[in-house]
Every structure is written in C-alpha cells, then in structure tokens.
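Please see the structure below; I have some questions.
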Amino acid sequence: MPSEHSSGATVRRGGITKAGNVLARRVLIEGAWTYRMAARVSRKLHDRNEGLSPTVRNIAWKGQLRLCSRYCRLAASGKPTVVVTTAIAREMVGFIWAIARITQPTPGGPETGSCAPLAIACAVLRPALRAAARRAPAPTEEPVSMANVTVTIPVG
C-alpha cells in the first residue's frame, strides 16, 4: 500500500508502507523479482495468454517492457536491489489494477460485486502466491485466505 501525504491540489505520494495484507505484499515483491530478466514471452506464457483479450495482453506487455527497463535503470543507478524490487512491486500494482478494471466479471461468478477488480487481481497474483508458498518455511499459524483481504483505493 503506497503512502500518501496530499493536501488540496498538492499530491505527495510516498513509498510502499507495511500497512495491509502481509501475504499480498510478499507476493508482489516475489513477482517483482522476475523483472530482473529481459522482457520476453516464452512459449508457455504465450499458450497461457491465448484466451485473453488483446487489450489485456497489450497492457501486460506494456507493463513487462516498462518494469524490465525500469528495473535495469534503477539497478544501474546504484540503488540496492531490495529498493529496486520494492519500487517495481509498487508500480506493478498499477498494471494489475488497470487489467482488473477493464476485465468484465462473469455473471454469477465469484468476481461479481463491488470488489470485482480485486478478485481479478488476486487471480492474476495466484501463480506468484503459489510459488512464494513453495519457497516459504512451514507455517506455524493458520494460512491467510485471500478472500478476506480488504483494500481501500482512493478514487480520482
């Protein structure tokens, strides 16, 4: 969740805060590490994307190009890799949200209602969440369900 110190017409946005869901934040950071590599579409990714609309594919490709180049640019400027990865994760949320806003939920599906973009974003993040869970040590507590996530997003 990005911090913000805005007043009136002045908009001041800060870095990522530790507010919000720990698991969602961790998945975003795990996903941001993949932007170290050059932007490309592998055969596996190409096959998985065949069922998506061209608009979603265009946003995803634009995001991949931007985030890969931004990662290289920030790393080349001497920023620590954890800072670069956090910056990429913060920007990646914007692309996820853009895809979620244009995607139409299926009638009667679990995505219906006022939190449809969040449900779609969670579906987009699910593969990264599974990968993070495989690398994580055995949990000592109950696992957190993504269905209980509450996100407040300022409009306008």
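Only the coordinates and a few stated rules stand behind these numbers; no lab work does. If you're wondering where the values come from, they're calculated on a predicted model, not measured in any experiment. Heads up, the Cβs are rebuilt from the backbone with ideal geometry, glycines too, and the neighbour counts pull from every protein chain shown.
Compute the signed sum of charges (Lys and Arg +1, Asp and Glu -1) over the other residues within less than 14 Å, Cβ to Cβ, of HIS46.
So the environment of HIS46 carries a net charge of +3.
If we count every other residue with Cβ under 14 angstrom of GLU4's Cβ, Lys/Arg +1 and Asp/Glu -1, where does the sum land?
Net of charged neighbours comes to +3.
Using the basic label-point model (7 angstrom from Cα toward the beta carbon), what is the LEU45 to LYS79 distance in nanometres?
If labels sit at LEU45 and LYS79, their model points lie 2.0 nm apart.
Net charge near ILE88: determine it from the other residues with C-beta under 10 Å of the C-beta of ILE88, scoring Lys and Arg +1 and Asp and Glu -1.
Around ILE88, the surrounding residues sum to +3.
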